[in-house]
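Here, each number is a calculation from the coordinates, and none is a lab measurement. What you see is a predicted model, and the numbers here were worked out from it, not measured in a lab. All Cβ positions, glycine included, derive from the backbone under ideal geometry; neighbour counts span all protein chains shown.
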């Protein structure tokens, strides 16, 4: 039989678990855009990617130049950006490594033929913090004005480092973009993103 103290501890534990699960279910921060949300492109020109430019949504792909899983996804990222640009969704490649130079980021985009999305250099991690990105590659989808409705993996091709399927069985990001275009809120990604952790340096 539980003592009163044990019951209180049990209730506190259950509440902590519930709060943790609730936090895990929130796809990403839902913050409104502001005039301070400016990030330079790879040529140093300031861009306001969260402002409403008449697009139906914006796609942010968080990447680094030296992550092998990012590079393995390069062709698929380009296909997604090109396919959904025609449907009214703008896309951004967000280079997150503040130890890399803009020149190195430009070389990476050219080498992997990442041409459709506008490339940004998030050296101060403004977008990383806003969306809560922690892995590269990781995708965020925001509605006009900056409200985030999806943060997660591109698909389930990678099960873990060094372990990949021949082709994905779940295309989480494409499903999320299709949901937005249909006027629905995207479902959270089924599984965790596999990749390289974003450095806080």
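Give me 65, 136 sorted ascending by neighbouring Cβ count inside 10 Å, so fewest comes first.
Least crowded to most crowded, the residues run 65, 136.
Which of the three applies to region 112-201, rounded, prolate or oblate, going by the alpha-carbon gyration tensor with a ≥ b ≥ c and a/c under 1.5 meaning rounded?
Verdict is oblate for region 112-201.
Restricting to bridges with both residues inside region 29-197, how much of the DSSP beta-bridge set is antiparallel, in percent to the nearest 5?
60 percent
For the peptides 37-44, 67-74, what is the packing order when you average, over each peptide's residues, the other Cβ atoms within 10 Å and list the highest mean first?
67-74, 37-44
Order these by the 10 Å Cβ neighbour count, fewest first: 53, 108, 125.
Ordered from fewest to most neighbouring Cβ atoms within 10 Å, 53, 108, 125 come out as 53, 125, 108.
Among rounded, prolate and oblate, which fits region 35-97 when a ≥ b ≥ c are the square roots of the eigenvalues of its C-alpha gyration tensor, a/c under 1.5 means rounded, and a/b larger than b/c means prolate?
In terms of gyration-tensor shape, oblate.
Show log10 I(q)/I(0) for region 29-197 at q = 0.12, 0.13, 0.16 Å⁻¹, two decimals, from a solvent-free Debye sum over equal Cα scatterers.
At q = 0.12, 0.13, 0.16 Å⁻¹ the computed log10 ratios are -0.47, -0.56, -0.88.
What nm distance separates the two modelled labels at residue 181 and residue 199, each placed 7 Å from Cα along Cα→Cβ?
Calculated label separation equals 3.7 nm.
Please compute P(r) over all alpha-carbon pairs of region 160-201, binned at 5 Å starting from zero, and give each bin as a whole-number percent.
The distribution over region 160-201 is 5, 18, 20, 19, 17, 12, 8, 2, given as percents.
So, in Å, what gap is there between the alpha-carbon centers of region 34-75 and region 98-131?
After rounding, the separation between the Cα centres reads 7 Å.
Provide 89, 80 in ascending order of the number of other Cβ atoms located within 10 Å of each residue's Cβ, fewest first.
Starting with the residue having the fewest Cβ neighbours, the order is 89, 80.
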